[in-house]
1. Within the accessible area of region 195-257, what % is carbon and sulfur when the probe is 1.4 Å and the other protein chains stay in place?
2. Give me the accessible area per residue for the chain, probe 1.4 Å, as a whole number in Å².
3. Determine, for each peptide in 169-175, 153-159, 16-22, the mean count of other beta carbons within 10 angstrom over its residues, then list the peptides with the highest first.
4. Sorted by mean Cβ packing within 10 Å, highest first, what order do the peptides 291-298, 178-185 take?
5. List the lysines whose alpha-carbon lies under 22 Å from that of residue 90, not counting same-chain residues fewer than 8 positions away?
6. Using a Förster distance of 45 angstrom, determine the FRET efficiency expected from the C-beta separation of residue 197 and residue 304, and round it to 0.05.
7. Using a 7 Å offset from Cα along Cα-Cβ at residue 181, what residues in region 130-165 end up with backbone N under 16 Å from the label point?
8. Relative to the longest principal axis of the chain, what angle (0 to 90°, nearest 10) does the C-alpha long axis of helix 195-210 take?
Amino acid sequence: DNFAKSGIELVLHEVESDGIAYVDFGLDVSMVPYDEIVLLNSLVALLNEAGTSDMNDAEFRNYIGKVTGGVSANLQVMSVKPAGWDDEIKVLPGINILSMLFIRGKCTADKIPDLFDVFTKILMDVNLDSKDILRNALKSDLSGRKSSLTNRGHSFADTRLRGRYSVRNFLGEKMHGYSSLDSSAAVLEAVDADWAQFVLRLENMRQAIINGNRNGMIINLTGDRYVLDAAMEIAEDFLVNKLPVDLGNPAPPTPDFRSVEHPWVAPAREEMKGAFSSQDEGIAVPTQVAYVAEGGRMYDVGEDVSGSASVVSHYLS
């Protein structure tokens with residue numbers, strides 16, 4: 001839980017990897033205000049596509065391709081079991097969640113220093129003042145989601161239904177489901193309305209995340225034994241010497257979200273009241289196929305769910 005006295009948890013997975021190192025670095029994003037979480041996808045898009053202070057976007061992508069097998073950033077919101085719960089499969093309350101920004105990459109053992117150099121650049125040196133790149137990424141993402149709505153309406157309906165019954169699922173619907181179409185369009189409008197203010201919001205968000213408390217971060221290394229030994233040495237330098245620490249204004253410890261509610265839960269609950277004001281919903285989509293979905297709660301929170309239920313659910317879907 002305190003690798004190299006960095007305060008960051010290290011997880012090792014020794015597997016036969018043919019000399020390939022797999023690295024995942026996660027940072028807690030729970031300090032991002034609920035009203036700002038719609039911007040997280042914009043931040044992730046720029047981390048994945050923008051250039052740095054000394055390389056444009058194309059040069060940086062070429063550099064990543066040259067020294068690694070690929071590096072990407074993504075956002076994950078996941079449920080965790082409340083403290084004290086056993087290992088049986090139960091219906092989770094949906095309020096004990098983790099919200100993490102992950103940077104993931106892989107490379108050969110001799111390129112591990114370069115991989116961590118890429119991680120450093122992505123986290124701290126990516127140029128967020130890249131309006132055209134972000135606008136294109138947001139437009140492409142919005143267009144893709146609209147296309148998916150006509151081709152995979154059942155998936156959107158399923159996400160929408162699940163969002164009624166837990167905060168965790170509601171957040172998923174808000175960020176990736178039908179509701180995200182409106183929020184994505186609003187973000188595009190904000191980009192065009194006041195780009196300077198938008199960049200400032202993203203920069204403040206990035207600084208808050210990378211200056212977050214170390215106990216909210218985690219690093220996972222996977223590979224052969226000799227790969228892990230090599231990676232641990234470079235990872236120590238990355239965690240101890242490369243990540244910034246705001247000594248003048250240290251971040252408060254990240255709560256144990258197995259024991260306390262995530263800060264997004266309360267405002268999400270309030271939003272859920274208005275988001276599902278009617279029992280039945282219909283979405284008009286220009287397609288020749290009608291997608292119809294019906295759902296409800298079969299198990300209450302805390303109830304055991306048998307393996308057979310998962311088999312039946314998979315068969316029906």
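1. 56
2. 53
3. 169-175, 153-159, 16-22
4. 178-185, 291-298
5. Partners found: 81.
6. Working from the Cβ atoms, E equals 0.35.
7. Those under the cut-off are 139-161.
8. 70
The values are calculated or read from the model by the stated rules, or taken from the named source; none is laboratory data. Just so we're clear, the structure is a prediction, and the values are computed from it rather than from any experiment. Counting neighbours? That spans all protein chains shown, and the Cβs are built from the backbone with ideal geometry, glycine included. Calculation scope for accessible area: heavy atoms of the full protein, side chains included, ligands and nucleic acids excluded. Shrake-Rupley method; radii C 1.70, N 1.55, O 1.52, S 1.80 Å.
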